[in-house]
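Just so it is clear, none of the values below were taken in a lab; they were calculated from the coordinates. In this text, all values refer to a predicted model and were calculated from it rather than measured experimentally. Every residue, glycine as well, gets a Cβ built from its backbone with ideal geometry; the counts of neighbours run over all protein chains shown.
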Amino acid sequence: MSNFSEFKPLNENTLIEYIKSIPSLSSKLGNNFSDISVKEVGDGNLNFVFIVSNSTGSFVLKQALPYVRCIGESWPMTKERAYFESLALKEE
């Protein structure tokens with residue numbers, strides 16, 4: 001079984017701290033977090049999807065999990081899956 005101890009699924013609260021720690025994301029919001037809105041919109045089997053916005057800008061953030069979301073850690077997914085998903089999204 002894989003070790004998921006380093007992995008932390010994001011939620012509407014922890015996502016804000018994550019965005020603050022990534023300059024390329026926080027700059028999309030003008031480094032302004034006073035009026036930030038985070039809404040989880042994904043209801044899928046695999047990923048978390050969030051819409052992040054404020055008065056300066058917005059973006060969608062997708063977190064690929066290392067396991068099947070609807071089942072849990074007992075059904076692991078490969079890291080390569082996330083890589084190929086990101087390539088497919090770049091092609092769109």
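Working from Cα pairs under 8 Å separated by at least six residues, relative contact order for the stretch 14-91 is 19 percent.
Taking amide H as placed 1.01 Å from N in the peptide plane, the amide H of residue 77 sits under 5 Å from that of 67, 68, each at least 5 places away or on another chain.
With the simple model of a label 7 Å out from the Cα in the direction of the Cβ, residue 80 to residue 11 spans 3.4 nm.
Under 5 Å between amide hydrogens, built in the peptide plane, is the criterion, and for residue 42 it picks out 49 among residues at least 5 positions away or on other chains. Calculated FRET efficiency, residue 45 to residue 18, Cβ-Cβ distance, R0 = 22 Å: about 0.45 to the nearest 0.05.
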